[in-house]
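The values are calculated or read from the model by the stated rules, or taken from the named source; none is laboratory data. No experiment lies behind these values; they were computed from the predicted model shown. Methodologically, a virtual Cβ is constructed for each residue, glycine included, from the backbone with ideal geometry; neighbour enumeration extends over all protein chains shown. What goes into the accessible areas is simple: the full protein's heavy atoms, side chains included, and nothing from ligands, DNA or RNA. Shrake-Rupley method; radii C 1.70, N 1.55, O 1.52, S 1.80 Å.
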Amino acid sequence: MNLFADTWHMAQRHIRALIRQPWWIAVTLVQPIIWLVLFGGLFTSMEDTPGWPAGVTFHEFIIPGVIVMTAFFSAGWGGMGMIEDINRGIIDRFLVSPAIRSSIITGALLANFLTIAIQSLIVLGLGAIMGASYPGGPLGMLILIVISGIVGFGFGAFSYGLALIIRKEESLIAMMQFLLLPLTFLAAAFIPLTLAPDWIANVAKFNPVNWAIEAGRSALIDSSPDWNLILTRTGLLLVFGALMAAFATRAFRSYQRTV
Amino acid sequence: MTEVAIEVKDLSKKYGEGVQALDGISFEVETGTVFGLLGPNGAGKSTTVKILTTLSHPTSGTASIMGYDVLEHAAEVRRTIGVVAQSSTADREATARENLRLQGQLYRMKGRELEKRIDSLLDSFKLSGDGDRIVRGFSGGMERRLTVAMALVHNPRVLFLDEPTTGLDPEVRSEMWEEISALAADEGTTILLTTHYLEEADMLARNLAIVDQGRIVAEGTPDGLKKELKGDAIQVGLGETREQTEIETALREVNGVSEVILNERTLHARAEDGARSVPSILAALDSAGITADTVTVARPSLDDVYLKYAGRTMEQAEKKQTEEVAA
Ligand SMILES: Nc1ncnc2c1ncn2[C@@H]1O[C@H](COP(=O)(O)OP(=O)(O)OP(=O)(O)O)[C@@H](O)[C@H]1O
Ligand SMILES: [Mg+2]
């Protein structure tokens with residue numbers, strides 16, 4: 001019980017801090033608009049390419065990708081806040097209190113999940129305004145949001161773990177950039193993998209971001225979702241999330257040894 | 001009931017391979033008193049606080065708070081203590097009230113009881129008008145007061161203050177001193193406080209230990225420690241740099257002068273009757289060809305205690321530490 005209470009209290013702190021940053025709200029809103037409007041405008045001719053899924057507009061195709069990527073990016077940068085909290089002694093203040101230790105991480109992850117859910121709804125709404133239709137309906141949307149949440153959980157935990165180990169903003173930025181871009185491009189975010197070179201399609205099989213995009217897309221825009229795909233990918237994502245959580249926990253212990 | 005609130009036995013802490021931050025320190029703090037840990041930069045004060053507050057683990061030795069071992073009963077220790085770290089640990093993006101509320105919640109307080117406690121803390125730390133302001137806009141003094149208030153939300157029986165007044169201007173500092181004294185006197189809180197300021201330890205602490213390079217070099221009441229230094233402290237500013245041996249030779253024949261230590265160009269000495277010894281000291285220096293520029297005579301201070309036990313002034317020790325860190 002205490003774990004839930006502490007997690008919620010810690011999450012509130014993060015959510016409040018986000019809401020109070022006007023530029024963050026602006027970026028959160030503007031970024032998906034740019035993806036949708038700019039990419040949508042530039043690449044609608046893709047729809048005519050042989051091999052493009054029949055009856056799917058370019059917008060409809062990229063919306064799940066945009067949602068998963070937004071989740072993945074915001075989670076990936078989560079470690080920056082953790083480094084700030086370490087440097088300011090806030091983490092140490094929590095550690096000398098009776099708070100359940102893991103709530104420091106679970107609280108941040110919960111805040112992350114809630115922002116991801118809100119961002120996803122914004123993108124879905126924008127997409128609908130631009131004429132996208134979602135044959136998967138509310139259930140499809142929910143599945144997509146939950147899957148994005150798991151992606152956020154996994155990469156968030158990874159980012160917090162790295163932050164606890166390297167503890168330098170510059171190094172974390174370098175590491176995340178090294179990871180975020182390739183993981184984005186080695187996934188079916190903007191084009192079907194059938195249209196991508198073979199090697200990309202092969203590498204993407206091992207990319208959690210791609211698991212999420214393919215499963216989420218099937219749930220949202222297929223009129224008859226591929227449940228087999230959705231369930232296996234979700235299962236894989238859960239395993240990935242659990243591994244990352246274990247990593248973050250270990251990183252936390254190693255941090256404590258250096259205090 | 002335990003008489004001893006904090007018990008520390010042979011505590012050592014080694015960071016990595018090189019740094020021996022603590023090298024076997026032991027002390028006891030009586031319940032309801034203020035204990036001062038006095039020492040220059042890098043002496044090991046914060047390391048001691050971190051171990052006693054369960055944040056860091058000792059390499060060897062034991063410590064207990066209110067009878068709870070810091071390693072074996074860390075959970076009980078955490079419920080018993082309040083901690084004010086060396087730097088401000090308030091969340092700058094939150095308001096004072098939100099900071100206090102989260103702190104209370106982590107100590108399992110809630111509802112009206114918590115809100116009432118927050119109001120009374122804001123009030124007693126002169127922040128009642130600023131409770132709903134974001135901490136980022138606070139002055140250094142306000143932020144420090146908030147940090148102390150946060151450590152007190154749950155009425156801890158033992159409070160750790162790591163350099164509570166460093167960086168505060170003199171006026172704010174003396175207000176903080178009043179707060180600390182009042183806490184110990186009115187609430188019976190046991191307080192362990194670390195400081196660089198000799199006057200602060202002198203003013204607040206019933207007992208104190210002087211730490212230098214991870215060891216306790218002297219321990220006792222401020223007055224007792226000062227009394228150990230019989231007589232007055234004499235300082236002579238020399239016109240040029242000299243060797244310790246030269247000075248010792250020059251002053252060997254002067255009666256009633258002891259503990260002659262040369263610190264760069266300042267000669268420190270102890271004399272039973274300071275005012276009376278000055279002429280003979282000056283004469284002896286003069287006949288050895290050593291010029292004296294300035295002379296001061298003072299009642300012994302804790303600075304002199306530090307000098308006697310650590311063999312250098314606090315100022316010097318700090319300078320050395322800064323250089324080491326830079327190197
Ligand atoms: N986390 C750490 N890792 C490695 N070395 C450390 C760590 N913390 C402290 N030290 C080293 O241990 C020694 C004692 O440090 P400590 O912080 O306890 O000193 P202090 O008395 O609190 O000094 P100050 O007055 O500057 O706060 C120093 O040499 C310091 O560099
Ligand atoms: Mg310190």
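The residues neighbouring residue B:25, those whose beta-carbon lies less than 14 Å from its own, together hold a net charge of 0 under the Lys/Arg +1, Asp/Glu -1 convention.
The residue among B:214, B:27, B:140 whose Cα reaches farthest toward the positive pole of the charge dipole of chain B, with charges on the beta-carbon of Lys, Arg, Asp and Glu, is B:140. Take each residue in B:79-87, count the other chain C-beta atoms within 10 Å of its C-beta, and the mean is 3.
Of B:229, B:85, B:290, which is farthest along the charge dipole of chain B in the positive direction, counting Lys and Arg as +1 and Asp and Glu as -1 at C-beta? Checked the options; the winner is B:85. Here the Gaussian network model covers chain A, with springs between Cα atoms less than 10 Å apart; of A:109, A:38, A:121, A:38 fluctuates the most.
Taken about its Cα centre, chain A carries a charge dipole of roughly 1060 debye when the Cβ of each Lys and Arg holds +1 and the Cβ of each Asp and Glu holds -1.
Computing FRET efficiency as 1/(1 + (r/R0)^6) for residue A:226 and residue A:130, where r is the C-beta to C-beta distance and R0 is 25 Å, gives about 0.50. If I build a Gaussian network model for chain A, linking alpha-carbon pairs within less than 10 angstrom, which residue out of A:249, A:184, A:44 has the largest mean-square fluctuation? Largest GNM mean-square fluctuation: A:44. Under a model in which nothing but the beta-carbon of Lys, Arg (+1) and Asp, Glu (-1) is charged, segment B:4-225 shows a dipole of about 800 debye around its Cα centre.
Residues whose amide H falls under 5 Å from that of residue B:212, counting only those 5 or more places apart or on a different chain, are B:217, with hydrogens built in the peptide plane.
Hey, how many Å between the Cα centroid of segment B:9-31 and the Cα centroid of segment B:58-92? Between the Cα centres of segment B:9-31 and segment B:58-92 lies a distance of 14 Å. Stokes-Einstein diffusion for chain B at 37 °C, viscosity 0.692 mPa s, with a Kirkwood radius from C-alpha pairs, works out to 151 µm²/s. Taking the square roots of five times each eigenvalue of the Cα gyration tensor of chain A, the equivalent ellipsoid has semi-axes of 34, 19, 17 Å, listed largest first.
Contact with the other protein chains removes 20 Å² or more of accessible area, compared with the isolated chain and a 1.4 Å probe, from these residues of segment A:1-44: A:2, A:6, A:9, A:13, A:16, A:17, A:20. The count of lysine pairs in segment B:4-225 whose Cα atoms are under 20 Å apart, excluding pairs fewer than 8 places apart on the same chain, comes to 7. The string of couplings for segment B:192-203 from the Karplus curve (6.51, -1.76, 1.60, θ = phi - 60°) is 10, 10, 10, 7, 8, 8, 4, 5, 5, 5, 4, 6 Hz, one whole number per residue in order, with x for Gly and Pro.
The 3J(HN,Hα) values that the Karplus relation (6.51, -1.76, 1.60; θ = phi - 60°) gives for segment B:36-52 are, in residue order, x, 10, 10, x, x, 3, x, 6, x, 5, 5, 4, 4, 4, 4, 5, 5 Hz. Gly and Pro appear as x.
The residues packed around residue B:311, meaning those with a beta-carbon under 15 Å from its beta-carbon, carry a net charge of -2 if Lys and Arg are +1 and Asp and Glu are -1.
Of the GluC sites (Glu not before Pro) found in segment B:180-242, those in coil by DSSP whose Cβ has at most 16 other Cβ atoms within 10 Å are B:240. When +1 charges are put on Lys and Arg Cβ atoms and -1 charges on Asp and Glu Cβ atoms, the dipole computed for the protein assembly as shown relative to its Cα centre reaches about 1840 debye. When the scattering of segment A:64-111 is computed by the Debye formula from its Cα atoms alone, each counted once and equally, what is log10 I(q)/I(0) at q = 0.16, 0.18, 0.31 Å⁻¹? The Cα Debye sum returns log10 ratios of -0.53, -0.63, -1.15.
Please tell me the relative contact order of segment B:4-225 in percent, rounded to the nearest whole number, where contacts are Cα pairs under 8 Å and at least six residues apart. About 30 percent, as a whole number. Surface composition of chain B: carbon and sulfur atoms hold 47% of the protein heavy-atom accessible area at a 1.4 Å probe.
Toward the positive end of the charge dipole of segment B:4-225, with +1 on the Cβ of Lys and Arg and -1 on the Cβ of Asp and Glu, the farthest Cα among B:73, B:170, B:5 is that of B:73. Spread over its residues, the convex hull of the C-alpha atoms of segment B:226-326 is 97 Å³ per residue.
Measuring from centroid to centroid over Cα atoms, what is the spacing of segment A:183-259 and segment A:1-36 in Å? About 23 Å separates the Cα centre of segment A:183-259 from the one of segment A:1-36.
Each listed q (0.06, 0.10 Å⁻¹) maps to a log10 I(q)/I(0) for the protein assembly as shown from the Debye sum over equal C-alpha point scatterers, namely -0.45, -0.92.
The phi-based Karplus calculation (6.51 cos²θ - 1.76 cosθ + 1.60; θ = phi - 60°) puts the 3J(HN,Hα) values of segment B:120-129 at 6, 5, 4, 5, 6, 9, 6, 10, 4, x Hz, whole numbers, x for Gly and Pro.
Calculated mean residue ellipticity at 222 nm for the protein assembly as shown: -18000 deg cm²/dmol, from DSSP H runs with n ≥ 4 weighted as -39500 (n - 2.57), summed, divided by the residue count and rounded to 500.
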